[in-house]
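Quick notes on the structure that follows.
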Amino acid sequence: MPTIGFIGLGTMGAPMAANLLRKNYAVAVYNRTPGKAAELIGLGAKEAASPREIAEGSDVVVTIISNDSAVEEVYYGEEGILSGLKPGATVIDSSTISGDLARRLAASVAEKGASFLDAPVTGSKDGAIAGTLLFMVGGDQSVVEANRDVFLAMGREIVYMGASGSGATAKLCHNAIVGINAAGLIEGMAIAAKGGLNMESFLRVVQGGGAASKQADLKGVKVIGGDYSVQFSLALMLKDLKLGSVLSDGMSVPTPMLEVAKSLFQAGQAKGYGEEDLAALAKVYEEWIGKKI
């Protein structure tokens, strides 16, 4: 079995690394913010001091990091992955980043004699814990197949999207739909609440009708209960919508719904809800309608 280096122990990364350990992979872990490795060490992981140390000791390096600038630091920094990457290694990046950055990383990794796959995920925190994530992957398809067991130790499905950058692009398109869908759900719930409807009953109607969606299943109960514990943060949703906006602008694709959703999540961020779940957008609507949803 290949040795795995895992970088990024946040909401998604920590349970993904835990699933690799449970499948008996040897795993070394690193996180930019200290103090997040204790549970994984208890499961058998070793903690590394830098991304370079991870790369030097790993056949496969998996990264899942919050944004483009943090990804660049982890890869290109003085003690970054590229300073220690072994020829023949594979790097799997599951961050949500721009396609341009994914292609640049692929070229830089190739210069080291290694392979790069942009492989963002969908399935939220619950899917990361359960090992039921879906990976959308860009890069050399033969490298994807060679690492199938690694992917399926963390998820349930691999969808090959095409050349390098295709996985990253697919994730931004997907998350544009997520953001628009979530905003529409919350807006409809706000109208229902203002109209005096029983919200549990209304949610049952949504889930059983043409408005049914994964967002209704994941976020409807959270909104009604005022539970904004993080499955996927509002700040990260806004970050992804901004990246999607840049992508669509570069292709001259009109995206009025994306721009409205981005503005709504910007309002949530401005109110200080960025580190709460994206469902905390409901609190903005509650201020507007003058009552709880």
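The values are calculated or read from the model by the stated rules, or taken from the named source; none is laboratory data. Just so it is clear, the structure is predicted and the values come from calculations on it, not from any experiment. Cβ atoms come from the backbone with ideal geometry, glycine included; neighbour counts cover every protein chain shown. Please note that ligands, DNA and RNA were not included when accessible areas were found on the heavy atoms of the full protein model with its side chains. Shrake-Rupley method; radii C 1.70, N 1.55, O 1.52, S 1.80 Å.
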Dipole of the range 70-118 [Lys/Arg +1, Asp/Glu -1 at C-beta], most positive-end residue of THR96, VAL74, ALA106: ALA106
Heavy-atom accessible surface of the chain: percent carbon and sulfur, 1.4 Å: 54 percent
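For the range 124-171, how big is Rg over Rh, using alpha carbon atoms and the Kirkwood form of Rh? Don't skip to the answer; put the middle values down first.
Working: Rg = 10.7 Å, Rh = 10.9 Å.
With Rg and the Kirkwood Rh in hand, the quotient comes to 0.99.
Within 13 Å, Cβ to Cβ, of GLY77, how many net charges do the neighbouring residues add up to if Lys/Arg are +1 and Asp/Glu are -1? Please report the intermediate quantities before stating the final value.
Working: positive: ARG32, ARG52; negative: GLU53, GLU72, GLU73, GLU78, GLU79.
Value of the local net charge: -3.
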Average accessible surface area per residue within the range 164-241, 1.4 Å rolling probe, Å²: 41 Å²
Formal net charge of residues neighbouring ALA168 (Cβ-Cβ distance under 12 Å; K, R +1; D, E -1): -2
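From the P(r) of the range 1-86, can you give the percent of Cα pairs sitting at distances over 16 Å? List each step's numbers first, then the result.
On the way: 1623 of 3655 pairs.
Taking all Cα-Cα pairs of the range 1-86, the fraction more than 16 Å apart is 44 percent.
Grab the beta carbon distance between VAL221 and GLU145, set R0 = 30 Å, and tell me the FRET efficiency rounded to 0.05. Before the final figure, lay out each step's value.
Numbers: r = 39 Å, r/R0 = 1.30.
The formula returns an efficiency of 0.15 here.
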Mean separation of Cα contacts under 8 Å (6+ apart) over length of the chain, as relative contact order %: 14 percent
Spatially near lysine pairs across the range 112-236, Cα under 27 Å, sequence gap of 8 or more or different chains: 12
Percent of beta bridges antiparallel (DSSP, the range 104-171, rounded to nearest 5): 35 percent
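Nearest 5 percent is fine: what portion of the DSSP beta bridges confined to the range 46-148 is antiparallel?
Numbers: 3 of 11 bridges.
Around 25 percent antiparallel, to the nearest 5.
Quick check: residue separation of TRP288 and ASP126 times 0.36 nm, minus the Cα distance between them. What number comes out in nm?
Details: separation 162, 0.36 × 162 = 58.32 nm, distance 3.08 nm.
Working it through step by step, the gained length comes to 55.2 nm.
State the three equivalent ellipsoid semi-axes of the chain, derived from the C-alpha gyration tensor as the square roots of 5 times its eigenvalues, in descending order and whole Å.
Working: eigenvalues 253, 81, 57 Å².
One finds semi-axes of 36, 20, 17 Å for the chain.
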Surface per residue (accessible, 1.4 Å probe) for the range 86-145, Å²: 35 Å²
Centroid-to-centroid separation of the range 135-198 and the range 45-115 [C-alpha atoms, Å]: 22 Å
Amide H within-cut-off set for VAL91, under 5 Å, with H built and near neighbours excluded: VAL61, SER115, PHE116, LEU117
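Grab the other residues whose beta carbon is less than 10 angstrom from that of LEU40, score K and R as +1, D and E as -1, and report the net. Can you show the working numbers first?
Values: positive: LYS36, LYS46; negative: GLU39, GLU47.
Charge balance in the 10 Å sphere: 0.
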LYS46 - accessible surface, heavy atoms, 1.4 Å probe, Å² rounded to 10: 150 Å²
Partners for LYS271 among aspartates and glutamates (Cα-Cα distance below 16 Å; same-chain residues under 8 apart left out): GLU286, GLU287
Distribution of pairwise C-alpha distances over the range 202-285, 10 Å bins, in %: 18, 41, 33, 8, 0
